[in-house]
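The structure appears below as structure tokens.
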Amino acid sequence: MAAGTTLSVKVEAPPRLVAPGNLAGRRGDYLKRCTFERDRDPYCPIFRLGFIADQAGENFTELAHKGGVLGVLINWDCDLDLSEAQCNPQYSFRRLDPKHAAASSGYNFRFAKYYNINGTATRTLVKAYGIRIDVIVHGQAGRFSLIPTIINLATALTSIGVGSFLCDWILLTFMNKNKVYSRKKFDKMVDTLGQHVRKTCSTCEHPQQDPAPTNPKG
């Protein structure tokens, strides 16, 4: 297996999705001569195996000898308020299998070959080592919408108690009948205990005189 062997990745999206796939807008002559380079051709879907292994932090020769699983991660992060031409995939690479697993490191698979030798059925079991490529696609997209924004903002303000304060401020400031709302909103608290004390003290400061005794004899 040569490090210069190329791998072509084609991703097609359902028609209802905005992202048309990773081949949209790429002409055939461009795809025949391009090879993925992060700075020069970041959207070319053709990759060299040696480049994938290097980007995943692995040595290609060791990986080809012992086997391994490499992942090509394709991510779409699109702003739907912009043009579809700006909705492009981003590629990244990593190794998926445990490199230093004690039970079984690397990647291998077994298959058998059946044939006859002088009329005798013979089977040869082959244990092959190699590189497996997994392509993982994920993404997200969003568009600004006024109604969900207002709902989320109102929910946030209500949750922190700012909603009631804001409503009171608007009613007390801009409404024509703000005085009526103020009288209904706020109650005057009367200190009945204090009044009782003051009344009691007033009685003490101005005591009533006892009536003059009457002469029982007339």
Give me a count of the residues in segment 57-73 that are surrounded by 19 or more Cβ atoms within 10 Å (Cβ to Cβ) and closer than 21 Å to Tyr43 by Cα. 2
Show me the strands (runs of 3 or more DSSP E) found entirely inside segment 6-89 where at least 1 residues are of a type in the set (Phe, Trp, Tyr) and more than 30 Å from Phe109 (Cα to Cα). 68-79
Counting only residues that are part of a strand (DSSP E or B) and modelled with pLDDT under 90, which one in segment 90-109 is surrounded by the most Cβ atoms within 10 Å (Cβ to Cβ)? Asn108
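The values are calculated or read from the model by the stated rules, or taken from the named source; none is laboratory data. Only a predicted model underlies this, so the values are computations on that prediction, with no experimental measurement involved. Neighbour counts are summed over all protein chains in view; Cβ atoms, including those assigned to glycine, are modelled from backbone coordinates with ideal geometry.
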